[in-house]
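Worksheet: the structure to be examined is printed underneath.
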Amino acid sequence: MTSETPEGKSSGCSLLLITAFLVAVVSIYGLLAADEMRVFMKGESTTARVEECTGGRKPNCTGTWVLSDGTTVSGTVVGPGRDAVGRSIEVRALDGTATTSGAGDVWFKVIAISTTMILLVGLFVLAWRRRR
């Protein structure tokens, strides 16, 4: 029979809080990545002309593209760097968003987020059991 010390319960509580925080962070990242995944999976292939990119390491870019029905769309282009300004690039577009992500990029994010969530939930359960 083992007895838990107050330090053990405190440690379990801290681990529980840290794990809950990490689950929340990964969930937010997953929600942000979900739109890019949706555009890739449901969007149509087209060519976008990148008009402007602003910001730091991962710039926010805008551009225009033409859909298969002839509609010209202006909006956000996710993925290109500053070197794409003024060039035409292959994208997948849906609504007002186009992405340069390929299938490998999208599936990597899905697998990375899923794996991380499974590990964090396991850690959460472990911390919860340890606290009891």
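The values are calculated or read from the model by the stated rules, or taken from the named source; none is laboratory data. These numbers were taken from a predicted model, which means no experiment stands behind them. With ideal geometry, Cβ positions are generated from the backbone for all residues, glycine too; neighbour counts draw on all protein chains shown.
Check region 17-36 and report whether any residue there is buried (at least 17 other Cβ atoms within 10 Å of the Cβ), of a type in the set (S, T, N, Q) and within 24 Å of the chain's Cα centre (by Cα). Within region 17-36 (the criterion being buried (at least 17 other Cβ atoms within 10 Å of the Cβ), of a type in the set (S, T, N, Q) and within 24 Å of the chain's Cα centre (by Cα)), the answer is yes, since at least one residue qualifies. Return the residues of region 58-117 that are among the β-branched types (Val, Ile, Thr) and assigned to a strand (DSSP E or B); say none if nothing qualifies. Within region 58-117, Thr62, Thr64, Val66, Thr72, Val73, Thr76, Val77, Val78, Ile89, Val91, Thr97, Thr99 meet the criteria. Just a yes or no: is a residue in region 48-56 assigned to a loop (DSSP other than H, G, I, E, B) and surrounded by 10 or more Cβ atoms within 10 Å (Cβ to Cβ)? Among the residues of region 48-56, not one is assigned to a loop (DSSP other than H, G, I, E, B) and surrounded by 10 or more Cβ atoms within 10 Å (Cβ to Cβ), which makes the answer no. A residue that is charged (D, E, K, R) and surrounded by 12 or more Cβ atoms within 10 Å (Cβ to Cβ) occurs somewhere in region 69-85. As a summary of the residue check, Lys9 satisfies the conditions (1) at pLDDT 80 or above; (2) surrounded by 10 or more Cβ atoms within 10 Å (Cβ to Cβ); (3) basic (Lys, Arg) except for the one numbered (1). Residues that are within 16 Å of Asp95 (Cα to Cα) and in contact with a helix residue (DSSP H, G or I) (Cβ under 9 Å, 6 or more places away or on another chain) within region 49-70 comprise Cys61, Gly63, listed in sequence order. Note on region 89-109: residues that are out of contact with any Gly (no Cβ under 9 Å at 6 or more places or on another chain) and either among the β-branched types (Val, Ile, Thr) or at pLDDT 80 or above (or both) total 2.
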